[in-house]
1. Across region 142-161, what is the total count of residues that are within 19 Å of VAL69 (Cα to Cα) and free of Cβ contacts under 8 Å to residues at least 60 places away in the same chain?
2. Would you check if there is a residue in region 39-47 being among the polar types (S, T, N, Q) and outside any loop (DSSP other than H, G, I, E, B)?
3. Can you tell me which residue among THR129, THR139 is assigned to a loop (DSSP other than H, G, I, E, B), in contact (Cβ under 8 Å) with a residue 60 or more places away in the chain, out of contact with any Leu (no Cβ under 9 Å at 6 or more places or on another chain) and under 16 Å from GLU4 (Cα atoms)?
4. Considering every residue within region 17-30, establish whether at least one is under 19 Å from PRO94 (Cα atoms), open to solvent by 80 Å² or more (accessible area, probe 1.4 Å), free of Cβ contacts under 8 Å to residues at least 12 places away in the same chain and out of contact with any Pro (no Cβ under 8 Å at 6 or more places or on another chain).
5. Taking GLN82 as meeting all but one of (1) open to solvent by 30 Å² or more (accessible area, probe 1.4 Å); (2) farther than 26 Å from TYR166 by Cα; (3) not in a loop (DSSP other than H, G, I, E, B), write down the number of the exception.
6. Inspect region 66-74 for any residue being acidic (Asp, Glu) and in contact (Cβ under 8 Å) with a residue 40 or more places away in the chain and give the result as yes or no.
7. Would you pick out the residues in region 47-75 that are closer than 17 Å to ALA137 by Cβ and either of a type in the set (Lys, Arg) or out of contact with any helix residue (DSSP H, G or I) (no Cβ under 8 Å at 6 or more places or on another chain) (or both)?
8. Of all residues being open to solvent by 20 Å² or more (accessible area, probe 1.4 Å) and of a type in the set (A, V, I, L, M, F, W, C) in region 39-72, which is farthest from THR129 (Cα to Cα)? Just the residue, please.
Amino acid sequence: MVWEREHVRAFLNTAFSSFEWRNVGLIVNMAYEWGQRLGDMRTLTWDSYDLEKGVLTLTQSKRGANITVPTSDGLKAMLAQQYEDFGWQPYIAPVPKPIKGKLMPYTVTRLSKAGIQIMAAAELPEELTLMDLRRTAITEMVDVGVPMSSIMSMSGHATPSSLTPYIKHTLRSATNAQSMRQFPTN
């Protein structure tokens, strides 16, 4: 599945409306903006993010790819605020309630359950899943004509063929491709 922009917006607005869900919203926002896996975002630590430059440097857990990606002004401001609130401990977006006296990253199960609650509260289609956000980000890049090499730099994929499972054919992509073609005139 590929999320519609309005679905992403509804999810984030709902998540950010509650302190309990705020860090889940941040995890999802980072995964979507940077085109990364939720697992890497839920365990992300402050030493991976340069607050001043707004740059994420990450070694991905799945295949060990090293990536460096920029941050939009909006997410950069959110992360600056997050650092004020949570910068005293290692995780960027931990569970906001201490576990055995410490803030810990979300487990896969806890993140999934919170995501389902947020999606229900936002009245999103049941077929959407949080893990589809990486696919959504990559599909959006393809849709607007971002070169495969640039997408690979951001996503950490080693080859264009490894991107194939993430790319979904869309009308926007087809329209963009057609508009770039040169048609012969009479």
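The values are calculated or read from the model by the stated rules, or taken from the named source; none is laboratory data. Keep in mind that what you see is a predicted model, and the values were worked out from it rather than measured. Cβ coordinates were reconstructed from backbone atoms using ideal geometry, including for glycine residues, and neighbour counts include every protein chain displayed. Surface accessibility is based on the protein's heavy atoms, side chains included, excluding ligands, DNA and RNA. Shrake-Rupley method; radii C 1.70, N 1.55, O 1.52, S 1.80 Å.
1. 11
2. Checked region 39-47: at least one residue is among the polar types (S, T, N, Q) and outside any loop (DSSP other than H, G, I, E, B).
3. The unique qualifying residue is THR129.
4. For region 17-30, residues under 19 Å from PRO94 (Cα atoms), open to solvent by 80 Å² or more (accessible area, probe 1.4 Å), free of Cβ contacts under 8 Å to residues at least 12 places away in the same chain and out of contact with any Pro (no Cβ under 8 Å at 6 or more places or on another chain): present.
5. For GLN82, the exception is condition (1).
6. Within region 66-74, not a single residue is acidic (Asp, Glu) and in contact (Cβ under 8 Å) with a residue 40 or more places away in the chain.
7. Scanning region 47-75 gives LYS62, ALA65, THR68, PRO70, GLY74.
8. It comes out as LEU51.
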